[in-house]
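Student: Have a look at the structure that comes next, please.
The values are calculated or read from the model by the stated rules, or taken from the named source; none is laboratory data. Worth saying up front: this structure is predicted, and the values here are computed from it rather than measured. Cβ: placed from backbone, ideal geometry, glycine included. Neighbour counts: every protein chain shown.
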Amino acid sequence: MARVRVVRPRSVVIGAAGVLVGGGAALVMARAVLRRQAAVARRRIGKPLGEEALDADRVWRRRYDGPPVELLVLGDSIAAGLGAERRKDTLGARLAKGLARAAHRPVRLRTLAMVGAESSLLRVQLAELPEDYRPDVAVVIVGGNDVTHRVPIPVAVGHLEEAIVRLQGLGAGVVVGTCPDLGALRPVPQPLRSLGSRLSRALAEAQARAAARHGARAVSLRRAVGPFFITQPDEMFSLDRFHPSALGYRRTADALLPAALEALREHGWPSGAQQPGPDGSSVHVRSTSAVRTSTTVTS
């Protein structure tokens, strides 16, 4: 059964025509060209997937002993898993299964990500949490809609920082998957696609700096998986050529998992869990005390 997480109709890359300011006939013509290209992109992409992501929230890998690791996923349609045709292929499910394999513990997935969400909606998503809920790891992916809706970077990053602080206050290790490269979207014509690429890169870099300031871990999705979406678009994108396919989500989860494991270690690896040692073997851990170290920004 699908979970409805709709914020507003998705405006396709990019309302970025609006970031151009100034005067003169050339600029007016440029804005008109970008508006026409945005309209073309909207028609090309459409909404073949609808606006509902599959509900993958459950306890994954119940065969392992012990209480579940609590995994929270926040953000936009990528975080929600829109485009996956099976629950197990959503981003959250992929992450949950990867954490379970590494920790030898079941993982309870809770997904509050919303299709169409901007960074400002992170506050709304966090408000849905029960008062007694305490995540072990939180993964946040957001930013694409901030670019397409022309949200100023400082405003978007401010909302992200607020969410990071809130999550850390709940005891979670936080991982931020920075804004993907919107230049990988082939249905978007040039020069609009190049503009989207520049703006999404600028936002991603600002998100990484914000995560580092607060001791969270940032993973550059543009660098980690962006090249796959550019060179293998038929395999990496779903039907709408905008959201990831099952393979796209698998590669994205693979890129995020090492940071999620490090965050779990630093914020209190569950008692009785198995930590991978330096040689890849498992090391039994008895203590639940958190070991906080300096943040690494993965690029």
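Student: Has region 220-238 got any residue that is modelled with pLDDT of 80 or more, touching a helix residue (DSSP H, G or I) at 6+ places or on another chain (Cβ under 9 Å) and part of a strand (DSSP E or B)?
Tutor: No: zero hits.
Student: Which members of region 148-166 meet the condition of being of a type in the set (D, E) and more than 15 Å from the chain's Cα centre (by Cα)? Full working, then the answer.
Tutor: Of the residues in region 148-166, the ones of a type in the set (D, E) are 161-162.
E162, the sole residue that qualifies.
Student: Can you give me the number of residues within region 65-98 that are on the phi > 0 side of the Ramachandran plot and surrounded by fewer than 24 Cβ atoms within 10 Å (Cβ to Cβ)? Steps first, please.
Tutor: Step one: filter region 65-98 for residues on the phi > 0 side of the Ramachandran plot, giving 66, 75, 81, 83.
Adding the requirement that they be surrounded by fewer than 24 Cβ atoms within 10 Å (Cβ to Cβ) leaves 66.
Qualifying residue count for the region: 1.
Student: Just give me the residues in region 239-276 being closer than 21 Å to G81 by Cβ and at pLDDT below 85, in sequence order.
Tutor: Selection gives L239, D240, R241, F242, H243, P244, S245, A246, L247, G248.
Student: Turning to a different aspect of this structure: Kindly list the number of the only condition in (1) in contact with a Lys or Arg (Cβ under 7 Å, 6 or more places away or on another chain); (2) modelled with pLDDT under 95; (3) not in a helix (DSSP H, G or I) that fails for V175.
Tutor: (2)
Student: Oh, and also: Please state which one of R110, R134, R198 is under 17 Å from the mean Cα position of the chain (by Cα) and not small (G, A, S). So that I can check it myself, show each step before the final result.
Tutor: On the way: R134 fails: under 17 Å from the mean Cα position of the chain (by Cα); R198 fails: under 17 Å from the mean Cα position of the chain (by Cα).
Within the list R110, R134, R198, the selection yields R110.
Student: Can you name the condition, by its number, that S119 falls short on among (1) within 20 Å of A56 (Cα to Cα); (2) in contact (Cβ under 8 Å) with a residue 24 or more places away in the chain?
Tutor: (1)
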